[in-house]
Amino acid sequence: MGASARLLRAVIMGAPGSGKGTVSSRITTHFQLKHLSSGDLLRDNMLRGTGFPRTLAQAEALDRAYQIDTVINLNVPFEVIKQRLTARWIHPASGRVYNIEFNPPKTVGIDDLTGEPLIQREDDKPETVIKRLKAYEDQTKPVLEYYQKKGVLETFSGTETNKIWPYVYAFLQTKVPQTSQKASVTP
């Protein structure tokens, strides 16, 4: 089997809102990789963005099925994620979505077109976000420790996906063949 056919089995971990989706799609664009799929369960999990493995038992089960080569851990401060996830406000009647950072309403809390109040979805409320992040941390701490012990954990820290990505890209270049020369010019 030639080197180009070599498989890389990588898991991407990170809290909700840490940029896993963005990083995954960039990886599949720049490298000859598809989303990791250990059977349909994992594929479904990946598509829904629910994250897998989330528990130590899942990590161990995945290891029994496949040799995991590398685990990419996106380490983004909770405060940053909280701001990211709570920035979304919605006009319920029309479904218009505003983001405080990227496309804020002209007047805080008010829909541009109707002047009606904006609401925050339950999922986007700070207290819900904090609960989700805390649950993620508690659940995955043993998973990260497990991969650390196995020597396959690579942690990338930062506050913006665009700043973390070049490091993930450079790391993966040492592991996988690229799809084209063009990809190497524009990470």
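The values are calculated or read from the model by the stated rules, or taken from the named source; none is laboratory data. Note that this is a predicted model, so its numbers are computed, not measured. Positions of Cβ are backbone-derived with ideal geometry, glycine not excepted, and every protein chain shown enters the neighbour counts. Areas reflect the complete protein model, heavy atoms only, side chains present, ligands, DNA and RNA absent. Shrake-Rupley method; radii C 1.70, N 1.55, O 1.52, S 1.80 Å.
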Once R0 is set to 30 Å, what does the formula 1/(1 + (r/R0)^6) return for the Cβ-Cβ distance between residue 141 and residue 173, expressed as a FRET efficiency to the nearest 0.05? 0.55
Using a Förster distance of 22 Å, how high is the FRET efficiency between residue 79 and residue 163, based on the Cβ-Cβ distance and rounded to 0.05? 0.85
Among rounded, prolate and oblate, which fits segment 8-172 when a ≥ b ≥ c are the square roots of the eigenvalues of its C-alpha gyration tensor, a/c under 1.5 means rounded, and a/b larger than b/c means prolate? prolate
With 25 Å as the limit, write out which pairs from 20/125; 20/134; 125/163; 82/175; 150/175 have Cα-Cα distances beyond it, or answer none. 125/163; 82/175
Ignoring everything but the protein chains, give the 1.4 Å probe accessible area of residue 12 in square angstrom, nearest 10. 40 Å²
